[in-house]
1. Return yes or no: is Thr115 surrounded by 13 or more Cβ atoms within 10 Å (Cβ to Cβ) and modelled with pLDDT of 95 or more?
2. Just to be sure, is Gly101 surrounded by 13 or more Cβ atoms within 10 Å (Cβ to Cβ), closer than 24 Å to Asn134 by Cβ and out of contact with any helix residue (DSSP H, G or I) (no Cβ under 8 Å at 6 or more places or on another chain)?
3. In the range 5-28, is there at least one residue being modelled with pLDDT of 90 or more and of a type in the set (Phe, Trp, Tyr)?
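The values are calculated or read from the model by the stated rules, or taken from the named source; none is laboratory data. As the structure is a computational prediction, the values presented were derived from the model and not from experiment. Positions of Cβ are generated from backbone atoms using ideal geometry, with glycine treated the same way; all protein chains shown enter the neighbour counts.
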Amino acid sequence: MRHATQSRGFTLVELLITLAIIALLSAVALPNYQESVRKSRRADAQQLMVAIASREEIFLLDAMSYTNSFTTLNFTHDGWSCANTTCSNSFYSITVTPGAGNPPSFTITATPSATQASDGTLTLTNTGAKTRNNISGW
């Protein structure tokens, strides 16, 4: 009488089923991860825009006007390259447009780069109005 020997290892079918499960999980998880990263980058740009607005308000007290120059504002921020009239990183380019008139005004605009393009343009005005893709609110 022969005793059945235990098989060792995995069969091809078991491996294919495992790969199919991993592929399904990846197909669901990857887009969610990418959306979370996109939101994080957007939040970073929004934080920078609020910091610029604060610096503009301080500048207004001294100069009685707003400026579009980050050099004049003496503005720097970790992870961003701020020089002359633009603050940028790999995902956004931020500019300030002072408005003419009395009282003075400004609009801060964050334009997304190719990898953030689906996010749309962000704006913040001196009145605190925030828009994303011309829709009120961030």
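1. Numbers: surrounded by 13 or more Cβ atoms within 10 Å (Cβ to Cβ): yes; modelled with pLDDT of 95 or more: no.
Judged against the criteria, Thr115 is not a match.
2. Numbers: surrounded by 13 or more Cβ atoms within 10 Å (Cβ to Cβ): no; closer than 24 Å to Asn134 by Cβ: yes; out of contact with any helix residue (DSSP H, G or I) (no Cβ under 8 Å at 6 or more places or on another chain): yes.
Here the answer is no, as Gly101 does not meet what is asked.
3. No, the range 5-28 contains no residue that is modelled with pLDDT of 90 or more and of a type in the set (Phe, Trp, Tyr).
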